[in-house]
Every structure is written in structure tokens, then in C-alpha cells.
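As C-alpha cells, the structure follows; a few thoughts come after it.
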């Protein structure tokens, strides 16, 4: 859990990582299998007990033959913002693209949340060996809206 004084630093770190990845991975991806590392979340509703650092790991497979297609499946584990263990599985559909960025929806089932099934907007950034998923959750009944960041590393 981050203290209120650490919140601006966490927000700045999240933005720096996203922009740094955007500047450094302008080459489209060719990998189909990815290791995902869950990491940071920024919540829109202010509460003292949200966990802003969400460690975890997972696997993501791009369903296109050469990678970087509109469909991907994923599964993994993370320690969520409620400070609970979460196991998740999902499908990502990103039909729109602009350079290394893809835009679409991420449908997932996850344990440790008030509602186990969600459909969320997602932006992915992919380079040849590294990428990121930025997931947005709006404020919903029972949920604090947040931005969540996963880093992705291509597997051989």
C-alpha cells in the first residue's frame, strides 16, 4: 500500500514506464507467447487501503500465426488492489491499431473481486521483445475505477 504522499510518485512512474515503452518499441511484435508481469495500478477513488503495487505473473498467447494479431488469450496470478490473491483468465480482442499500439476490449474472469467477470477497455503496446497492457476500469458499483499496467516479455 502506498502512502498518500507516494501517490504522485506512483502516478509519475506509471506514466514514465508507458511513455518509455512507447518510445523504445516502435518495431511491431513477432512473438506469439509472452510472459506478463503485473505491476501497478492507479485508482480514481481515494481510499487509504487500495494496494497500488500488484505483483503477479502470467502467460499470454497471441492467436495470430506471426503474433501481433487481434486475438490473444491469457491466464495468471496477481495480488490485487483489495490485497487478495487473484487468479485470472481472459481473452483480449484488439482490432484497431496505430503503429505499435492496439486498442480493444479485454474480457476476463478473476477471483478476489466483487464481480468475477468483467469486460474492459485495453490498450496494448508491442515491440519485438517487450510490450505492455494498459487496462482501464471505470468507476462501477463495488469497484474503484483504475488504470492497471502489465509489462510483457516475449518468450523464445
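The values are calculated or read from the model by the stated rules, or taken from the named source; none is laboratory data. Note that the structure is predicted; figures quoted are calculated from it, not measured. Every residue, glycine as well, gets a Cβ built from its backbone with ideal geometry; the counts of neighbours run over all protein chains shown.
The residues on offer are 120, 151, 155, 108, and the sole one that is in contact with a helix residue (DSSP H, G or I) (Cβ under 8 Å, 6 or more places away or on another chain) and modelled with pLDDT of 90 or more is 151.
Per-residue answers, yes or no, for (1) at pLDDT below 90; (2) in contact with a strand residue (DSSP E or B) (Cβ under 6 Å, 6 or more places away or on another chain); (3) part of a loop (DSSP other than H, G, I, E, B):
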residue: 6; (1), (2), (3): yes, no, no
residue: 11; (1), (2), (3): yes, yes, no
residue: 47; (1), (2), (3): yes, no, yes
residue: 55; (1), (2), (3): no, yes, no
residue: 66; (1), (2), (3): yes, no, yes
residue: 89; (1), (2), (3): no, yes, no
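Of all residues in the stretch 124-139 being surrounded by fewer than 18 Cβ atoms within 10 Å (Cβ to Cβ) and in contact (Cβ under 8 Å) with a residue 24 or more places away in the chain, which is nearest to residue 58 (Cα to Cα)? Applying the filter and picking the extreme gives 130. When residue 69 is tested against (1) within 19 Å of residue 39 (Cβ to Cβ); (2) free of Cβ contacts under 8 Å to residues at least 60 places away in the same chain, only condition (1) is not met. Condition check for residue 73 on (1) in a loop (DSSP other than H, G, I, E, B); (2) loosely packed, with under 14 Cβ neighbours inside 10 Å: one failure, at (1).
When the stretch 140-153 is filtered for residues that are in contact (Cβ under 8 Å) with a residue 60 or more places away in the chain, in a strand (DSSP E or B) and either within 8 Å of the chain's Cα centre (by Cα) or surrounded by fewer than 19 Cβ atoms within 10 Å (Cβ to Cβ) (or both), the ones remaining, listed by number, are 147, 148, 149, 150, 151, 153. If I filter the stretch 91-122 down to residues being part of a strand (DSSP E or B) and in contact (Cβ under 8 Å) with a residue 40 or more places away in the chain, which single residue comes out as surrounded by the most Cβ atoms within 10 Å (Cβ to Cβ)? So, considering only residues that are part of a strand (DSSP E or B) and in contact (Cβ under 8 Å) with a residue 40 or more places away in the chain, the one surrounded by the most Cβ atoms within 10 Å (Cβ to Cβ) is 92.
As for the stretch 15-34, it holds no residue that is closer than 20 Å to residue 146 by Cα, modelled with pLDDT of 90 or more and either touching a helix residue (DSSP H, G or I) at 6+ places or on another chain (Cβ under 7 Å) or surrounded by fewer than 16 Cβ atoms within 10 Å (Cβ to Cβ) (or both).
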